[in-house]
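What follows is one structure encoded as structure tokens, with my remarks underneath.
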Amino acid sequence: AINRPGDFVTAERQDEPGLRFSVETNDPRIPSSPLENVAGHVALLMLKELRPGFGVRMILHKKMPLGSGLGSSGASSVASALAVNCLLSKPLKRTDLLKFAVEGERKASGSPHADNVAPSLLGGLCLVRSYKPLDVIQLPVSSRFIWVVVHPHIVVKTRVARSVIPQEVRLKIAIQQWGNVSGLTAGLISGDENLLRKSVEDTIIEPARAHLIPGFYDVKNSALKAGALGCSVSGSGPSVFAVTTSQKKAKAIARSMVRVFHRWTGAKCDVYISRVNSKGAQSLWVRE
């Protein structure tokens, strides 16, 4: 998890049962129906299962762009789950909210994946060990790493990005990927930047999705030349992330990536520079 960007939800109890739901957004593609919006969907699931004895009025303040590779649907799902939980007389543990948040991801992309909602909800570095049953493990992570995320204002639909992932992988490539995932995990925990440098190498997903992002390899090479330890696709894309241990290098890396993206697409870019967010989703204000 990183500190920005994110979505916001406000919620309050109402005597009328059920959910009264609305959205504040400048994007006409965001559905306002609670049956179609992931935040509304999650809230309805929680009310149906938990039967709290009251209804909820909810407003989703949608800040994150769709199809960005930043976990937009996951952010809305987590914000909704946390907001409803704050209204309960006996709030659930955060880990117990995961099963609701992943259903928002199922609504958005057809798959109840936890790779976005787990760190968004719990913070830090999360290992999704299993889905049946859902088993998420929080891992310690070094605070020395600085993450640079550049989001060009183009869209890669999650469903399209998922469709290009190979269904079968050669054993040789799988072995390389397993080694890199293990090395990346160890490097993030220990703070070993040399190990991280060697391990930010995706041999399965990145090659499959790179063609969906204009100029991806030029962007990646520019980040590495500017001093990044590694660089790859963020989520489904088109956002691209890089990692470093220097705030000065982080800014130089971001400038370099933005220049290349602009040369390829002419699009504006958003830049996020952050250390790991260890807290996850937060309740910013509660009226007793």
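The values are calculated or read from the model by the stated rules, or taken from the named source; none is laboratory data. What you see is a predicted model, and the numbers here were worked out from it, not measured in a lab. Cβ sites come from the backbone with ideal geometry, for glycine too, and all protein chains shown count toward neighbours. Only protein heavy atoms, including side chains, enter the accessible area calculation; ligands, DNA and RNA are left aside. Shrake-Rupley method; radii C 1.70, N 1.55, O 1.52, S 1.80 Å.
Brief remarks follow.
- Pairs linking a residue in segment 220-232 that is over 12 Å from Lys198 (Cα atoms) and of a type in the set (A, V, I, L, M) to a residue that is at pLDDT 95 or above and open to solvent by 10 Å² or more (accessible area, probe 1.4 Å), with Cβ atoms under 6 Å and 6 or more positions apart or on different chains, are Ala226/Ala252; Ala226/Ser256.
- From the list Leu224, Leu188, Leu196, the one residue that fits, being closer than 21 Å to Trp147 by Cβ and more than 21 Å from the chain's Cα centre (by Cα), is Leu224.
- Gly280 open to solvent by less than 30 Å² (accessible area, probe 1.4 Å) and without any contact (Cβ under 8 Å) to a residue 60 or more places away in the chain: no
- Residue match in segment 209-229 (condition: touching a Leu at 6+ places or on another chain (Cβ under 7 Å), open to solvent by 40 Å² or more (accessible area, probe 1.4 Å), under 22 Å from Ile273 (Cβ atoms) and of a type in the set (D, E, K, R)): no
- Residues of segment 247-288 classified as polar (S, T, N, Q) and in contact with a Phe, Trp or Tyr (Cβ under 8 Å, 6 or more places away or on another chain), total: 1
- Count of residues meeting criterion [at pLDDT below 95, outside any loop (DSSP other than H, G, I, E, B) and small (Gly, Ala, Ser)] in segment 23-46: 0
- Contacts under 9 angstrom Cβ, first residue in segment 180-199 being closer than 21 Å to Gly227 by Cβ and open to solvent by 70 Å² or more (accessible area, probe 1.4 Å), partner assigned to a helix (DSSP H, G or I) and of a type in the set (S, T, N, Q), 6 or more apart: Lys198/Asn180
- The set of residues in segment 1-51 that are of a type in the set (S, T, N, Q) and either open to solvent by 50 Å² or more (accessible area, probe 1.4 Å) or more than 30 Å from Leu127 (Cβ to Cβ) (or both) comprises Asn3, Thr10, Gln14, Ser22, Thr25, Asn26, Ser32, Ser33.
Quick grid of which residues meet (1) polar (S, T, N, Q); (2) modelled with pLDDT under 95:
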| residue | (1), (2) |
| --- | --- |
| Ala250 | no, no |
| Ile253 | no, no |
| Val260 | no, no |
| Thr265 | yes, yes |
| Lys268 | no, yes |
| Tyr272 | no, no |
| Arg275 | no, no |
| Leu284 | no, yes |
| Arg287 | no, yes |
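- If you go through segment 49-90 and keep only what is of a type in the set (Val, Ile, Thr) and out of contact with any Leu (no Cβ under 8 Å at 6 or more places or on another chain), you end up with just Ile59.
- In segment 110-156, of all residues being among the basic types (Lys, Arg) and free of Cβ contacts under 8 Å to residues at least 60 places away in the same chain, the one that is nearest to Asp218 (Cα to Cα) corresponds to Arg129.
- Some residue of segment 59-68 being over 22 Å from Val160 (Cβ atoms), touching a helix residue (DSSP H, G or I) at 6+ places or on another chain (Cβ under 8 Å) and modelled with pLDDT of 95 or more: yes
- Meets criteria (in contact with a Gly (Cβ under 6 Å, 6 or more places away or on another chain) and either open to solvent by 40 Å² or more (accessible area, probe 1.4 Å) or not hydroxyl-bearing (Ser, Thr, Tyr) (or both)) for Gly235: yes
- Set side by side, the residues Glu49, Glu105 differ, and just one is charged (D, E, K, R) and closer than 30 Å to Leu212 by Cα, which is Glu105.
- Residue within segment 219-234 that is closer than 23 Å to Gln167 by Cα, among the small types (Gly, Ala, Ser) and touching a Phe, Trp or Tyr at 6+ places or on another chain (Cβ under 9 Å) present: yes
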